Amino acid sequence: MAESKLELKSPPNPNSLIVSAQPSSRPESPPVTSGGGFVPAAWFRQRPKLRVTTEFDSDSSVFFHRISCKVLDSLAKLKFSFQNNGKGEISDPQVALTSKYLSLHYDIEEKNALVNASFDVAPGLQFKAVHEVKSQQGELAMVADLAGPAYKFELSSAVPAIGKPRATIRFPLGEVSLEEKEEEEEEEQAKRILSVNGILKGQILNGVCTAKYKDEALDLRYCFKDEQMTFIPSISLPSNAMSFAFKRRFGPSDKLSYWYNLDTNYWSTVYKHNIGKDYKFKAGYDSEVRLGWASLWVGEESGKAKTAPMKMKVQFMLQVPQDDITSSTLMFRAKKRWDI
């Protein structure tokens, strides 16, 4: 905001002669700075707000920075991101320009760009395209509404084309896709066959049953949930690997979770305790890696930094190996946002 200036004018001298000049039709020149450039006062008032976010992970000792702002009357978003280590060495600089219909991501080090486009060709018909400049590869897709927006049919193909396009039908209970894939034979000659993948969900009794079929494997999962308890058994076919998860809520702030794999006998457990909205304590153990841990969150764990106190999220984690307690490590992560 521009500061107001108070000007003090001395009274005119009665003995002085004041000559009034006629106003000139030529407009006044804008103010000039000492460097010879013009002062864009209006630009500073209309400058888009900058959002600066910095993250630090003590495990990798790397800072991640992201600077973004809205441009073109808030129709697009410009973002610049990079990383730096403790020595100040900058790596992975990237620039992104995203909008509703078009987005461009450019990797400065790799000198590579990824372009995404999506727009409506006609009511109920959408066109989508993805193209990677360096590899000259991408994908084209058409999505059409069938009997309303809840039912969709998508036809997509790789660019350059390899085999027949992939067809996908989406409906409220899941989706089914049909595509070609290569299958190696004993003579090491690739053979293209049709593959069917899909996922179905349905209400059974007081829970939800999910069946997922991919790469000739079927995963069955059932989830029963009420206000205090959640029970999730699952099985994979044809391997017959079984597991189950159990979650118990002891109040609005306390929750205990337990997971057990009957095929490997591995198990894990997690206890959560919330202190208000912005503080969370978690502790757990994983038998597969023989590791116990505890963490403290300041700021909502799944939320953004802008909603956290002082727009800052912090996590402290203590890891204690079961086989060597003396090698316990304390790590922390921090994420801070500034609005300029």
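The values are calculated or read from the model by the stated rules, or taken from the named source; none is laboratory data. Treat the numbers as computed from the prediction; the structure is a model and nothing was measured. With ideal geometry, Cβ positions are generated from the backbone for all residues, glycine too; neighbour counts draw on all protein chains shown. Calculation scope for accessible area: heavy atoms of the full protein, side chains included, ligands and nucleic acids excluded. Shrake-Rupley method; radii C 1.70, N 1.55, O 1.52, S 1.80 Å.
Of note:
- Condition check for Gln315: out of contact with any helix residue (DSSP H, G or I) (no Cβ under 7 Å at 6 or more places or on another chain), under 20 Å from Phe64 (Cα atoms) and either modelled with pLDDT of 95 or more or not in a loop (DSSP other than H, G, I, E, B) (or both): yes
- Gly124 at pLDDT below 95, open to solvent by less than 60 Å² (accessible area, probe 1.4 Å) and over 24 Å from Pro165 (Cα atoms): no
- Scan the range 263-280 for residues that are open to solvent by less than 50 Å² (accessible area, probe 1.4 Å) and over 16 Å from Gln315 (Cβ atoms) and the total you get is 2.
- When the range 65-97 is filtered for residues that are hydrophobic (A, V, I, L, M, F, W, C) and touching a Lys or Arg at 6+ places or on another chain (Cβ under 9 Å), the ones remaining, listed by number, are Ile67, Cys69, Val71, Leu75, Ala76, Leu78, Phe80, Phe82, Val95, Ala96, Leu97.
- Output for the range 188-232, where each listed residue is among the acidic types (Asp, Glu) and either at pLDDT 95 or above or surrounded by 13 or more Cβ atoms within 10 Å (Cβ to Cβ) (or both): Asp219
- Boolean, Arg290 is at pLDDT 90 or above and surrounded by fewer than 16 Cβ atoms within 10 Å (Cβ to Cβ): yes
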